[in-house]
Amino acid sequence: MHLLCSDITGPHIFNMKFLVLAACMVAVACAQGPDAAAPVLRSESDVQPEGFNYVYETGNGISAQASGALKKVDNYDALAVQGSYKYTAPDGSVVQFNYVADENGYQPQSDSLPVGPEIPAAIVRSLQYIAAHPPPVNAVRN
């Protein structure tokens, strides 16, 4: 099978472009729910070379604030950020996150974060035994 230039410039490409354009328009229309019209109640920001601050709040209960500053980490400039954001979940509950993002990564805190199960008692005992009985240091393996 040979692909000729005329094969990709005919009506098939026009139909494909039209299909992609129509799909994009549908996606944009669906994305504009009731929150798209929420008024901005507060919006402030201050960006400086050494850091930033911002805060915003919308009429549908969404709000966020953050501040960041440059700091030296191992002779490199790193951005350390502290902030929070809040919104209302579809079930009506208020979700709030507080976070720090720095050289140690993103560290969120929230009652909404899942918590893993407790470690089973047998595993705890095994770990305690291993800690109390480390392998000999002088063991040589070939």
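The values are calculated or read from the model by the stated rules, or taken from the named source; none is laboratory data. Given the structure is predicted, the values throughout are model-derived calculations rather than measurements. Every residue, glycine as well, gets a Cβ built from its backbone with ideal geometry; the counts of neighbours run over all protein chains shown.
Of the conditions (1) within 30 Å of Pro34 (Cβ to Cβ); (2) more than 16 Å from the chain's Cα centre (by Cα); (3) surrounded by fewer than 13 Cβ atoms within 10 Å (Cβ to Cβ), Leu127 fails just one. Which one is it?
Leu127 satisfies all of (1) within 30 Å of Pro34 (Cβ to Cβ); (2) more than 16 Å from the chain's Cα centre (by Cα); (3) surrounded by fewer than 13 Cβ atoms within 10 Å (Cβ to Cβ) except (1).
Do the conditions hold for Ala66, that is, is it part of a strand (DSSP E or B) and at pLDDT 95 or above?
For Ala66, the condition - part of a strand (DSSP E or B) and at pLDDT 95 or above - is met.
Among the residues that make up region 74-94, is at least one of them exposed (fewer than 10 other Cβ atoms within 10 Å of the Cβ), assigned to a strand (DSSP E or B) and under 15 Å from the mean Cα position of the chain (by Cα)?
No, region 74-94 has no match at all.
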